Every structure is written in C-alpha cells, then in structure tokens.
Amino acid sequence: MGFDYALLLGKLGSNRLATSEYSSIVSMNLFVALLCACIVIGHLLEENRWMNESITALVIGICTGVVILLSSGGTNSHLLVFSEDLFFIYLLPPIIFNAGFQVKKKQFFRNFMTIVLFGAVGTVISFTIISFGAINIFQRMDVGTLELGDFLAIGAIFSATDSVCTLQVLNQDQTPLLYSLVFGEGVVNDATSVVIFNAVQNFDLSQITTAVAFQLIGNFFYLFITSTLLGAGAGLLSAYIIKKLYFGRHSTDREVAIMILMAYLSYMLAELFYLSGILTVFFCGIVMSHYTWHNVTEKSRVTTKHTFATLSFVAELFIFLYVGMDALDIEKWKFVKDSPGTSVEVSAILLGLVLVGRAAFVFPLSFLSNLTKKARHERIDFRQQVLIWWAGLMRGAVSMALAYNQFTKLGHTTLRGNAIMITSTITVVLFSTMVFGLITQPLVRLLLPSPKSMTRMISSEPTTPKSFIVPLLGNGQDSEIDLGPHIVRPSSLRMLLSTPSHTVHHYWRKFDNAFMRPVFGGRGFVPFVPGSPTEQSTLHLVDEETN
C-alpha cells in the first residue's frame, strides 16, 4: 500500500511539473545558462577595445532568439515575457544604487549644476525637438493611428538615455569628468523623462496652458527635491541604526542585510508616493557610502562592496540579454511585415531626431556651463563635448519599458501603429547600443589619447567603497582623515585670485565633521570593538599622524 501511494504521488508530481512548472523551470535554466555564457565570453573579450559585456549580452540574446524562433516554428522568440514591473522594481534599483555607492562624490558634486542642467533642461529640449519632429513627419506617413499623446510620449521615450550602458562603455578612473557628467546626467535624465511621460499620460493635452506648463515645472522640482531627501534620509537612518546598535558585535550578516533592505525600501517608498525611485536610490547609495559603509566591520565592508557590485552586474546582463531576445518578438513584427520599408524609415527618422535633439542641448549648455568656470581645466572643451554628445546617444531598457507602457497592454498589441512604434524602438535601441556603444571606447582613445593627464582636474577619493582595500589610509590628495581646516596657503597674489582659500567643499567638510559625523558616523567616527582590526588600523594611523 505504501508503494502504491509513493507511485501515485510520483505520477501526480510529474504531471504537475509537465503541465505548469516544467516549462518555467526549463526557461529559467536556459536563462541562467545564458547569463553564465555572457560572463565567460565577456571575460574572454575583456581586453578587446571594441566589445563590452552589454554588447556581448545583446548579441547572445539575439542569437538565442533566432534559435528559439526556428525551433518553435516561427511562433516565439523569447524565454520570458517583457514586464515593466520586472525592470523597474527588481532590475533597475541595484544598478542605480551601486552606481551611487561607487561614484566619486567630489567629482559628481563639483559638476552638480552642469549635471542638472544637462539632465533637466537638456531633456526638455530633446523632448521638444523629438516630439515636434514626430508630429510633423509621422503624420504625413502611413504609420497607423497615432494621437497627440502618442507623439509626445515618443518624445519622452527617446529622450531617456541609457545609464546602464554608460556604465559599460565609460570608465570612471580613465575618464572621470566624462563619466561624472554623462552618468550623472543619465540619472537626472531618466527621472525627467519619467516625469514628462507621466505628465503626458495624466494631463489633458487638449487644453495646454501656461498654468499647466508651470505646474509641470513645479512638479519636476518637487519630485527632484523630495526624491533626493527621501534617499538621503534612508541612508542617514541606516547609518544611525548601525552606528547605535553596531550589529557587527554579533553578526556581520545583520549589517549587510540592513543596508540592502534600507536601500531597497527607499526605492519602493519613492514608487509608493509617486516619486522618482531612480533619484532616491542613487542618493541613498551616495549617503550610505559616505556614512553607513564606514560604520560596519571590515568583513561587512568587503561583503557589501562585492554584493552590490555583483547584483548590479547580473541585473545589467539580464536586461541586455532580454532586450536582445525581445528584438525578435514575432508578434509585433507580423504587423509590419507588409511594409518593412516604413518600419525602417520610421526607425531612421527617430534615430536622426535623437542625434539632433541631443546635439541641440549638449553644445549650447556646455557653452553656458563654461561661462561659470573660471579655471580652464574645469571647462568642457570641444572634444569632451563631442564625447558627451556621443556617449549619451544610446537608448536602452528605460526607453523599452516606456514604449511598452504606452503602446502595449501586458506586452501585447493589436494596432499597427503601436506595433510600428514598438519595433522601431527595438531597432533604435539595438542600433544605438551596438553601433554607438562599439565606437565609444575607440572614440575616447582617439579624442583623449592620454586620460592620465586629466587627473589634475579631479580629486581622487582613495577611501571610497571602490578602493576599500585601504579604508583608513589617504594618499595626500583628498584625505578625509585630516579633520582640521587645512587650506593650501597661496604663495602669490595671482594664486590667491585664482585659488580661493575657502571653497564650498571646505565649509561642507567643517559642517560634516562638526554635526553630521558625530551623529551618523563615517570615516573617523566609526564605532570600535576592542581588539578589532579596525581599531588596530586606526590606532596605528593615529600614531603615525602624531609622529
């Protein structure tokens, strides 16, 4: 009787797997195997000056889509159905948080006004040009039934740059100024694009007045400020909790867990209150790297640094791999098979509008930014402007997610015009990522042949999480261990006029040392466990400073 029961349960289990779960298990196995293949091939191509892991994942995704398409008889091309929730809730947060956690803070905030200028004003300019071009060109073409809201949504969709791909093609250490400007702009740009996109969907476009325009502007500033404060508040709260309770006395796992959960909580709270989760989790990462990270034990520092980087790395590969597979979604291509020339023409026009829209704000706003810079080395020269324009041309998963939100329902569409917009978005994303992404690194080497000469324009932060190996030792350039107000004294009148003795950073450092670090911790104010490696390293450092 017992044997019969076991046989019956085995049959029931096998039937259940065969009908509902088995296909999902197969899909996940294949997807994980493809991620492993991306890592291995990306490692083999690491020294290649053209390829990077994002492009490798795209190519593997396209090849996989072709295989699935052939094996399914032309009915399917991907393993998973694209989901905006999957992208915005699970994949994007670790990528943006890790970028904020690893960013060189002084370089970022030194160019903060330029970043906001590019990310906010520049996105509005790009949105206006792309929307205006789409309205005037596509209405004369046979692209299906599209309304004014659809054309404005196109402007928001293709104004969103790809911050993820920027992380792949630019190096923070080799081109710190470019990385800071392009990536920082990308974070603000994504938030601005989402605000514009939501406004297009929620406002009555038939009655656009000056009051509505000012309402949109006020909505953006409200979103920017509140999202930033929410991210900073979550980071400070995590720092205070860890500093007071000091979980590391008993378990480093609690320290790592509270950092991960607080960061993710900040993102979800922003989404709950209709704020910008991108801005929130980015600034949460910056605050955590400045305070929280220094409050945990040495083991937790190493663990969190690698955990955040690994989660971000896998999420990036997942996104590009899926975009590559989704490029061959046969359901949407069926609507445009009768007019492939129209689809190609629409894609080319959109790509041209992206090129023009970005050039229309990069060069004029760079000129305005340079007017505020007194030192020549702080100005953005023409070669750097070209690279900023080029590196921001890539469109990625944010554009895909917004396009699916506007032109599909649950990933499916039955309208020809909507299908053309989806396939054109896929084409632009693939072309811009692969072509522009392939050329970016060689273009950097061509226009900036000696990146090391740019190091005089930045102040390195030797004790950020990225360089965690020496968490308490400075190199003399930007040591935060020196808590006193040591300012370089000018040796001549010319040096006095060109180098002010008190900068914004100097006053922030005084405020930070006097009020913020005593409460929230950070470098120089970390809690100690008697006999711990942290205390020994600090005592050794203090002895050296005294001598």
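The values are calculated or read from the model by the stated rules, or taken from the named source; none is laboratory data. Predicted model only: the values in this text are computed from it and were never measured. Please note that ligands, DNA and RNA were not included when accessible areas were found on the heavy atoms of the full protein model with its side chains. Shrake-Rupley method; radii C 1.70, N 1.55, O 1.52, S 1.80 Å.
Accessible area ranking (1.4 Å probe, heavy atoms, ligands and nucleic acids excluded), largest first, for W333, W389: W333, W389. Annotation: Y507 carries an accessible surface of approximately 130 Å², with a 1.4 Å probe and no ligand, DNA or RNA atoms counted.
Taking all protein chains into account, the per residue accessible area for the stretch 199-270 stands at 56 Å² (1.4 Å probe).
For the residue pairs K105/K244; K299/K510; K106/K374; K106/K243; K105/K373; K244/K299, the alpha carbons lie more than 21 Å apart in K105/K244; K299/K510; K106/K243. Across the stretch 255-399, the volume of the C-alpha convex hull divided among the residues equals 194 Å³ per residue. First check a/c for the stretch 220-306, with a ≥ b ≥ c the square roots of the eigenvalues of its C-alpha gyration tensor; if it is under 1.5, answer rounded, and if not, answer prolate when a/b is larger than b/c or oblate otherwise. Verdict is prolate for the stretch 220-306. For the stretch 106-146, the square roots of the Cα gyration tensor eigenvalues, ordered a ≥ b ≥ c, give a/c of at least 1.5 with a/b greater than b/c, which places it in the prolate category.
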